[in-house]
Amino acid sequence: QVQLEESGGGLVQAGDSLRLSCAASGRTFTIDAMGWFRQAPGKEREFIAVNRWSTGTTRYSESVKGRFTISRDSGKNTLYLQMNSLKPEDTAVYFCAADKDYYGGRYYDAAIYDYWGQGTQVTVSS
């Protein structure tokens, strides 16, 4: 079992930056990939970025590429999402997810992930 806990969300203005953190605990040695998704009210959960834990390989959705950066601290079992140039459309609950057997061709699919955090709210005002 793996537990994930997100932090770092908040209320900011357009153009501001935030850094989200996701701390993993439990059987963290089973994790092969960790990623970020977001979900706005009434919307489907949307892929943002993923980091393959074993290699450091990263992938981003087109909507955040160039603005967001995913990174990791393997020694602390922590995943980060640096969010720059935030826009009102970035407003959502941001979820951390972990996969124990990575499907490299389907990293964008929330269904492949085995563990989820409770989410942290990010609100961007105009």
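The values are calculated or read from the model by the stated rules, or taken from the named source; none is laboratory data. What you see is a predicted model; the values in this text were computed from it and never measured. Virtual Cβ from ideal backbone geometry, glycine too; neighbours counted across all protein chains shown. Side chains included, ligands, DNA and RNA excluded: accessible areas come from the protein's heavy atoms. Shrake-Rupley method; radii C 1.70, N 1.55, O 1.52, S 1.80 Å.
Looking only at residues in region 66-83 that are farther than 15 Å from LEU4 by Cα and either among the hydrophobic types (A, V, I, L, M, F, W, C) or modelled with pLDDT under 95 (or both), which one is surrounded by the most Cβ atoms within 10 Å (Cβ to Cβ)? Residue satisfying both the conditions and the ranking: MET83.
Which members of region 90-112 meet the condition of being over 17 Å from GLU44 (Cα atoms) and either open to solvent by 30 Å² or more (accessible area, probe 1.4 Å) or assigned to a helix (DSSP H, G or I) (or both)? Listed by number, the residues that qualify are LYS100, ASP101, TYR102, TYR103, GLY104, GLY105. If the condition is being in a loop (DSSP other than H, G, I, E, B) and under 18 Å from ALA24 (Cα atoms), then region 51-69 contributes TRP53, SER54, THR55, GLY56.
Report whether or not LEU86 is in contact (Cβ under 8 Å) with a residue 24 or more places away in the chain, open to solvent by less than 50 Å² (accessible area, probe 1.4 Å), in contact with a Cys (Cβ under 6 Å, 6 or more places away or on another chain) and under 28 Å from GLN13 (Cα atoms). Judged against the criteria, LEU86 is not a match. Just one of the listed residues (ALA23, ALA49) is modelled with pLDDT of 95 or more and in contact with a helix residue (DSSP H, G or I) (Cβ under 8 Å, 6 or more places away or on another chain), namely ALA23.
For region 41-59, residues that are under 24 Å from SER125 (Cβ atoms), open to solvent by 50 Å² or more (accessible area, probe 1.4 Å) and touching a residue at least 12 places away in the same chain (Cβ under 8 Å) total 3.
When ARG38, ARG19 are screened for being in a strand (DSSP E or B), more than 10 Å from the chain's Cα centre (by Cα) and in contact (Cβ under 8 Å) with a residue 40 or more places away in the chain, only ARG19 passes. Report yes if TYR115 is surrounded by 13 or more Cβ atoms within 10 Å (Cβ to Cβ), modelled with pLDDT of 95 or more and either in contact with a Leu (Cβ under 8 Å, 6 or more places away or on another chain) or closer than 14 Å to ILE48 by Cβ (or both), otherwise no. Taking the combined requirement at face value, the residue satisfies it. With respect to the conditions (1) more than 19 Å from ILE31 (Cα to Cα); (2) surrounded by fewer than 18 Cβ atoms within 10 Å (Cβ to Cβ); (3) among the hydroxyl-bearing types (Ser, Thr, Tyr), THR120 falls short on a single one, namely (2).
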